[in-house]
Amino acid sequence: MSDKTGTGNILQSKLAAEKFMEAVVRRTVLFLADEASIIVGSENYDLTDVQKLELKELTSIITVEDDSKMTLAFTYDRELINEIFNKYSQGLEIEESEVDQYIEETAGDMINIILGNILAEFQQNGRAFALSTPVIVNGAKSIARYKNHEFFTAELVTESGTMAIFCITPGEPLRKRLMKK
Amino acid sequence: MRSLNILVVDDSQLTTKKIAQMLTVIGHNMVASAKTGEEAIKQFAKHKPDMVTMDITMPDMNGIEATKRILQENPGALIMMVTSHGQEAMVLDAIESGAKGYLLKPLQAEKLKANIEEIYEKYGDEN
């Protein structure tokens, strides 16, 4: 893309990270309501000192291509992502053999749309932040905190299950670790 | 307005299915689809669609680059960016690349219809 893209640091301070997480949660709650008719019953934040991330059955991961290399991860209970998929794909003809692939694409679309929309609120000096394509991780995993990494987490509870949102800086090493497992 | 043949470019097959369904509902037709920028260039050459909906974030070549490449060979191509990116600089990049419109995901059929009609009424006669 042009020289308007890909420089700067979206998370210049801890305060910025907290505001970013609040914006991500706000957009996610709206997305779940508008696109999947799922109401979030409660939101729990942990913005201080998380030592370990517990990934659920399905996780989508995206990296912001700025200087911070921030990674955002959405991790879902199986029942919840299945329900989001069912509503998100309502009216589409989908073969039984395609369902698993489209559930993963639903998770990829969701994080891409939410983060893509939010970055408009955080753009700096007229510069745009590019995003990686989403990476999907299947299966529950546990990720310990790297030295100098910060985890910011939020948990959204719905009647169909729970999802957690993780904001991690710097992002790339975490993504590489996940892909190795 | 007549029914248009539209090439849908998106690396998510689910999104492609959703756009195809919306196009049918609003009276148009997905003539072909592509999951990558390179594939989009080939499909455009093969089908010569009336319009293209183009995602930005794709694995091989982003949609802005694919737009430039299609327009090099087909200056009259009508390309609408359909993307999650709401950043002003990204919109400007897309318009500078030659895209005729910009639609933000999540998609709604009414907005897709309005964008297609606006682009076709403004630029369709030039082709």
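The values are calculated or read from the model by the stated rules, or taken from the named source; none is laboratory data. In this text the structure is predicted, and so the values were computed from the model without any measurement. Here the Cβ positions follow ideal geometry from the backbone for every residue, glycine too, while neighbour counts run over all protein chains shown.
Brief remarks on what is shown
- Matching residues, the stretch B:83-103, being within 14 Å of chain A (Cβ to nearest Cβ), closer than 12 Å to B:Thr53 by Cα and surrounded by 21 or more Cβ atoms within 10 Å (Cβ to Cβ): B:Thr83, B:Ala99
The rows are residues; the columns are (1) closer than 22 Å to A:Met110 by Cβ; (2) polar (S, T, N, Q); (3) in contact (Cβ under 8 Å) with a residue 40 or more places away in the chain.
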| residue | (1), (2), (3) |
| --- | --- |
| B:His85 | yes, no, no |
| B:Met90 | yes, no, no |
| B:Asp93 | no, no, no |
| B:Gly98 | no, no, no |
| B:Gly101 | no, no, no |
| B:Leu104 | yes, no, no |
| B:Lys111 | yes, no, no |
| B:Ile116 | no, no, yes |
| B:Gly124 | no, no, yes |
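- Checklist (1) more than 14 Å from chain A (Cβ to nearest Cβ); (2) under 17 Å from B:Ile56 (Cβ atoms); (3) surrounded by fewer than 22 Cβ atoms within 10 Å (Cβ to Cβ); (4) not hydroxyl-bearing (Ser, Thr, Tyr) applied to B:Lys68, failing item: (1)
- Enumeration of residues in the stretch A:15-50 that are of a type in the set (S, T, N, Q), at pLDDT below 90 and touching a strand residue (DSSP E or B) at 6+ places or on another chain (Cβ under 7 Å): A:Ser42, A:Asn44
- Candidate set: the stretch A:75-106, residues that are more than 10 Å from chain B (Cβ to nearest Cβ) and touching a strand residue (DSSP E or B) at 6+ places or on another chain (Cβ under 6 Å); chosen: the one surrounded by the fewest Cβ atoms within 10 Å (Cβ to Cβ): A:Glu79
- Pairs are defined by a Cβ separation below 7 Å, a sequence spacing of at least 6 or placement on different chains, a first member in the stretch A:81-94 that is within 22 Å of A:Leu55 (Cβ to Cβ), and a second member that is aromatic (Phe, Trp, Tyr); the pairs so defined are A:Phe85/A:Tyr102.
- Only one entry of B:Pro106, B:Pro75 meets the criterion of being assigned to a loop (DSSP other than H, G, I, E, B) and more than 14 Å from chain A (Cβ to nearest Cβ), and that entry is B:Pro75.
Residues checked against (1) hydroxyl-bearing (Ser, Thr, Tyr); (2) surrounded by fewer than 20 Cβ atoms within 10 Å (Cβ to Cβ); (3) farther than 21 Å from A:Gln90 by Cβ:
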| residue | (1), (2), (3) |
| --- | --- |
| B:Ser12 | yes, no, no |
| B:Thr16 | yes, no, no |
| B:Asn29 | no, yes, yes |
| B:Gly37 | no, no, yes |
| B:Ala77 | no, no, yes |
| B:Met81 | no, no, yes |
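- One residue stands out among those in the stretch B:107-123 that are surrounded by 18 or more Cβ atoms within 10 Å (Cβ to Cβ) and not aliphatic (A, V, I, L, M): the one that is farthest from A:Ile114 (Cα to Cα), which is B:Tyr120.
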